[in-house]
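All remarks here apply to the structure that follows.
The values are calculated or read from the model by the stated rules, or taken from the named source; none is laboratory data. Just so you know, these numbers come straight off a predicted model, no measurement behind them. Because the Cβ atoms are built from the backbone with ideal geometry, glycine has one as well, and the counts that use them run over all protein chains shown.
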Amino acid sequence: MANQVSLDIFEGPLDLLLYLIKKEDLDINDIPISKLLSEYIQFIDMAKDLDIDLAGEFLEMAAELAYIKSKMLLPESSPEEDEGPDPRQDLVNKLLEYQKFKLAAGDLNQRNVLGRDVFRRLPTEVELTEEGPLVEADMEALLVAFQNVLKRLPQDKVHEIRGKVVGTAERLVQLTEFLRGKQQVSFEDLFEGDVTKPEVVVTFLAILEMGKQSFIKILQDRVFGRIVIVSQLSETTQNTSESITEEVEG
């Protein structure tokens, strides 16, 4: 695949670690390093699948987590010996300091700057379901949902000879036809029929493109909750499948 994706999702490795700690509901003062490292490596692998270009500092953090894990796997010292500092402490201090500044920045960002050099955007429509109001999902939520789809793929390593993998533009057309006449579907429904990792990646890239082109709304009922895809094809475009393909490829 010749798809290259560049997403400004996390401001740095500490931002990603805080996100993973929140997602897994971990205690920041008593981090289970093995679990955090596993989640972190899964994100790195997922970024490679999507051709997301990660800065070197993300890989440095992976090495630091692995080093901390190795230190914690060392045999415990005898009661007479000094156990020494917790190998996680430096990382915990960095995370707490980063979290403090991030919260302060978020508070400043909430202050009223409308009418000066910022133009107010009207709130998007909120769709109601039995589970509650649906609001626009962010990229972090999409990556979590995508990661869950990858986890459901068959784990058996079987060599299979397949034909040419469908490209993003072609998959976008297929999804467009699938969504016609439907008001909304779940995120997972768009991956029906995808049985290999390349197919899943192409579908995810097509979903991102459809959201970018406003062909769909990507909504969520709560943090880390289910993601719903709402079709806007009848509202935003009357394009045929062929014209949509030309627009994406162009």
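Cβ-Cβ distance below 7 Å, separation of 6 or more or different chains: which pairs start in segment 153-178 with a residue that is more than 12 Å from residue 205 (Cα to Cα) and loosely packed, with under 14 Cβ neighbours inside 10 Å and end on one that is of a type in the set (D, E, K, R) and modelled with pLDDT under 85?
Every condition considered, no pair remains.
Cβ-Cβ below 6 Å, separation at least six or inter-chain, first residue in segment 28-54 and under 19 Å from residue 202 (Cβ atoms), second in a helix (DSSP H, G or I): which pairs?
Final answer for the pair search is 46/147; 49/201.
Does segment 172-182 include one or more residues that are over 18 Å from residue 45 (Cβ atoms), assigned to a helix (DSSP H, G or I), basic (Lys, Arg) and at pLDDT 85 or above?
Start the filter on segment 172-182 by keeping residues that are over 18 Å from residue 45 (Cβ atoms), which leaves 172-182.
Keeping just the survivors that are assigned to a helix (DSSP H, G or I) gives 172-179.
Subsequent filtering for residues that are basic (Lys, Arg) retains none.
No.
Go through segment 210-248 and give me each residue that's surrounded by 13 or more Cβ atoms within 10 Å (Cβ to Cβ), at pLDDT 65 or above and polar (S, T, N, Q).
Matches in segment 210-248: 213, 220, 231, 232.
Examine segment 193-208 for a residue that is β-branched (Val, Ile, Thr), in a loop (DSSP other than H, G, I, E, B) and either touching a Leu at 6+ places or on another chain (Cβ under 8 Å) or modelled with pLDDT of 85 or more (or both), and state whether such a residue exists.
Taking segment 193-208 as the starting set, the residues that turn out to be β-branched (Val, Ile, Thr) are 195-196, 200-203, 207.
Add one more test, that the residue is in a loop (DSSP other than H, G, I, E, B), and what stays is 195-196.
Within this subset, residues satisfying the condition of being either touching a Leu at 6+ places or on another chain (Cβ under 8 Å) or modelled with pLDDT of 85 or more (or both) are 195-196.
Yes - at least one qualifying residue is present in segment 193-208.
Which condition from (1) surrounded by fewer than 13 Cβ atoms within 10 Å (Cβ to Cβ); (2) under 14 Å from the mean Cα position of the chain (by Cα); (3) more than 19 Å from residue 150 (Cα to Cα) is the one that residue 54 breaks?
Just one mismatch for residue 54, condition (1).
Per-residue answers, yes or no, for (1) modelled with pLDDT of 55 or more; (2) outside the structural domain of residue 227 (by TED's automatic domain parsing); (3) closer than 17 Å to residue 12 by Cα; (4) in a strand (DSSP E or B):
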residue: 100; (1), (2), (3), (4): yes, yes, yes, no
residue: 103; (1), (2), (3), (4): yes, yes, yes, no
residue: 116; (1), (2), (3), (4): no, yes, no, no
residue: 135; (1), (2), (3), (4): yes, no, no, yes
residue: 140; (1), (2), (3), (4): yes, no, yes, no
residue: 146; (1), (2), (3), (4): yes, no, no, no
